[in-house]
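Working notes, structure below.
Here, each number is a calculation from the coordinates, and none is a lab measurement. Nothing here was measured: the structure is a model prediction, and the numbers come from that model. So basically every Cβ, Gly included, is an ideal-geometry build from the backbone, and we count neighbours across all protein chains shown.
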Amino acid sequence: MLATAAFVSLTLGVVPLAPGEALGALLHPAEASRTTSAVIWSIRLPRILVAMLVGAALATVGAVMQAILRNPLAEPGITGVSAGAAVGAVAGITLGLAGSAQWGVPLAAFAGAATVALVLQTVLRSRKDLGSATIILVGVSISALAGALINLLIANARDDALVRSALFWLAGDLELRSWEHVALAAGPILLGLAYLLSRTRQLDALALGEQVAATSGVHVNRERILLLLVASLVTGAAVAVSGVISFVGLVVPHAVRLLVGASHSRLLPISALGGALFLVLADTVARTAFGPVIVQTGVVSALVGAPIFLFLLLRKQPA
Amino acid sequence: MMAETAACPFLAATLTLDGFGAYRAGRALGSPLDLRLMPGTVLGVVGPNGVGKSSLLGALAQAGVRSYGRARFGAQDLARVPARARAGIVSMLAQDLHAPEELRVRELVAVGAHASGNQDPLSEAERALSDVGIAELAHQRFGSLSGGQMQLTQIARVLAQRTPVVILDEPTSALDLFHQRVVEQTMRRLGNDGRIVIAALHDLSLALNACTQILLLDRAGDAHSGKPADVLRPDLVHAAYGVRTTIHTTPRGRRFLATE
C-alpha cells in the first residue's frame, strides 16, 4: 500500500507522468527523457522519501509518547517537543550553521527537542500521571515560549537571506527537498526507530502506569529518559528537514490502534508504515490538489488532524 | 510431583523487614516496621484512610515510593535487586487500573507473564484469566470492561507473573460479592502454594477470613501485627478507626466483623 501510494505520488504533479513512463524512468533512468528523469530523480523521489521518513518518525514518536505519558493526546507537536526542535533549528539556521556544517541544524533541533523532553520528564516525576489538561497546558506554555524565542532569533538574524530561509522552513513544508535532506534525516530516524521498536515490551508495561512498570522489570526513570531522548533525536531529525508538521503523531497511532489494537509490538511498526503512508498522501494532496494556491504539507496534516484531536479531547472524560 | 514443581517454580524464602517504612512527601510514615513473613503468609494491611497502607505497599514493591530501612527476600535486599530480577520476586496490583482502551485483555495479562520471562505468555495469560473466572473476556478491549472486570484483569496480570511475593493494593475495591469471594479464595490459594501475599484491605471481615496475619496501622503511627482475631480486637479497632465493633461467627464457621 505504501509502495503503491509512493508510486502514484511519483506520477502526479505539475508535470503529470504516465505510470509506464514513471516506472521506466525509475528502473532505467538512462533511457528516459531528461525532463522525466529529472522530475523523478531530483524532485519527486527525494521529496517522497523525506515524506516517508518524517511520517514514520512522527507517528512512531507519537505512539511512544502516548505510552510514556499514558494519554492518547500526547504527540510531539502537542507536547511542544517539535516546538523545542524548531527553536533549535531556527537558532541553527539564523546563526548560519546550515551553511557551514551540514549536521548543525539537525543537532541544534535535537538539542531543542531534548530540552523539552527533559522538562516533560521532570513534570512526569512530580505529577506521576498526567491528565489531558496538564499535557495540553504544558504543551501550550512550551509552544508559546518557543514562538517567542523564534521571533527573537529571527529579529536578530544577521541578514535577510537567513530570515527568509528560516521562515520558509518554519512553514512545515516538503517543497524542494533534495537527496541531501534524505541523507540528513535517514540516519538518525532509522537508528532511532530501530531502538524504539526494540522497546515494545517496556512500552507495554509503561502504558499500565509507573507502579505496574516498576514491578514488571522496567527501570522506570531510566527507561523513560532514554525513550524520550531517542524520541527527541528522531523528532529533531524530522523537524530539521521538514519544519513543524503537527498531528501526524496523533492521527496515525489512533487509527492504527483501532485497526490492530494497542500492543506495542504491532502498534509501533504499523504506525511507522502508516505514518509514512499518511505523510506521502498528505504531501501529494498538498502539492497537487489546490492548483496555483501554495498549500504546505503541514496544513493538510493539520486539516485532517485538528478535527480528530478535538474529537478525542471531547470524548475523553475531563482530567 | 511434577505438577507441583510446575505450579511452584520459585524458591520459597522469608520476607524480612528491618526498620522498614515509606516516605510520603519527604516525611517518614509511621514507625519503622520489623516483620518476618514466612512462605505461605497472607498478610492483610488494614487501617484508616491516610495512614500509609498504599505507600507501604509501593515502598515494598520499590514502585515509585521511597523507603527507609531494609526489606529482604531471602538474602536479597529488594532495594538493590535490579528491576528485571525484582520482577521475578515481587508482582503488584496497583490502585491505578488504567490501560490503553484498545488493549486486549489477554495482552494486558501477558505483560505479567512477560515480566517473569514466561516462554508462552499468551497461554499463561489465559490460564490466569480462568483462575479469576473471566476467561471469556480474553479477547475483549480493555476499554469495554466494567470497573470490576478491569480489576480482575489486573489481578490476572499479577497471577500470570507467578512471583513468590504478591502485593495487592485493595484487590476487592471494585468487585461484587461473587468476585470478592473469588479474590479471597485466590489469596488463600496463593498462600497455600507457599507464596507471600501482602494485601491492603478496607473490608475487615475479608481480612479476618482471608489472611493468616494482620498488620493494623493507626493514625498515631503505631503498628500492631499478629493473628487476625488478636489484632482485629474491638479495642484495637476502636483505637485505630474510632468505631465500636464486634466479631461474630456464622454457623458454618465464617467470621465477620460488625459495627455497633
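Quick rundown of the values:
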{"read-out": "Choice from A:Val90, A:Val15, A:Val230 showing the highest fluctuation, given a GNM over chain A with Cα pairs closer than 10 Å", "value": "A:Val15"}
{"read-out": "Euclidean distance of C-alpha centroids, segment B:166-207 and segment B:49-95, integer Å", "value": "18"}
{"read-out": "Simple Cβ-charge dipole of segment A:50-315, Lys/Arg +1 and Asp/Glu -1, about Cα centre, in debye nearest 20", "value": "620"}
{"read-out": "Folded to 0 to 90 degrees: helix A:45-69 orientation relative to chain A principal axis, Cα", "value": "10"}
{"read-out": "Ranked by how many other beta carbons lie within 10 Å on average, peptides A:266-273, B:143-150, B:163-170 from highest", "value": "B:163-170, A:266-273, B:143-150"}
{"read-out": "Cα centre as origin, Lys/Arg/Asp/Glu Cβ charges: segment A:39-142 dipole, Debye", "value": "100"}
{"read-out": "Gaussian network model of chain B, Cα within-10 Å springs - most flexible of B:Asp230, B:Asp34, B:Asp96", "value": "B:Asp96"}
{"read-out": "Within 10 Å of each Cβ in B:108-121, the average number of Cβ atoms from other chains", "value": "3"}
{"read-out": "Exposed chymotrypsin sites (Phe, Trp or Tyr not before Pro) absent: longest stretch of chain A, with sites in DSSP loops and at most 16 other Cβ within 10 Å deemed exposed", "value": "A:104-289"}
